[in-house]
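Taking it in order: structure first as structure tokens, then the write-up.
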Amino acid sequence: MLRNKPLHGVVPAAIRTQPDEVVAWWMQFDGGSLDHLAIDAKGKLHVDVSKLARELLGAADRFERYLAADATLLACGPDNMPRSPTARWQRALWARFRPHEEPGADWIKRGEKLGIPS
């Protein structure tokens, strides 16, 4: 959820959950009166920024250790061959920066020439 834009900007975007319902965010630095990730009576999601920062750092640390171990192989290439975590990460990062006007297959071929796993 965090990766897909709600917290990418300085002011988090609201999220529509039903045709007439919207989840708003209430960012607080002091812990506030509600627990982290609690929803109040008005439907606002309370986010304790200090806890959020610790959670994000912890997740980044675990992801770094996962990449460093580079042990889990999953079939994910076009040839259905196993790819390591770092190979999948490189491929995903390359794909993330594909120009909108560039066809996906062409971008992947360009990456392959640069050593990016397909």
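For the reader, a short list of remarks on this structure follows.
- Around the Cα centre of the stretch 30-99, unit charges on the Cβ atoms of Lys, Arg, Asp and Glu (plus for the first two, minus for the last two) sum to a dipole of about 340 debye.
- What the Cα atoms of the stretch 43-118 give is an Rg and a Dmax of 16.7, 50 Å.
- Cα→Cβ-extended label distance, 7 Å offset, between Leu73 and Asp20, nm: 5.5 nm
- Subtracting the Cα-Cα distance of Ala92 and Ala53 from their residue separation scaled by 0.36 nm leaves 11.6 nm.
- DSSP-assigned coil residues among trypsin sites (Lys or Arg not before Pro) in the stretch 36-98, each with at most 11 further Cβ atoms within 10 Å: Lys42
- Maximal additional length on extending the Asp35-Glu101 stretch stands at 19.3 nm, based on 0.36 nm per residue less the C-alpha distance.
Values quoted throughout were computed directly from the atomic coordinates according to the rules given, and no laboratory measurement underlies them. Only a predicted model underlies this, so the values are computations on that prediction, with no experimental measurement involved. All Cβ positions, even for glycine, are placed from backbone atoms using ideal geometry, and neighbour counts span all protein chains on display.
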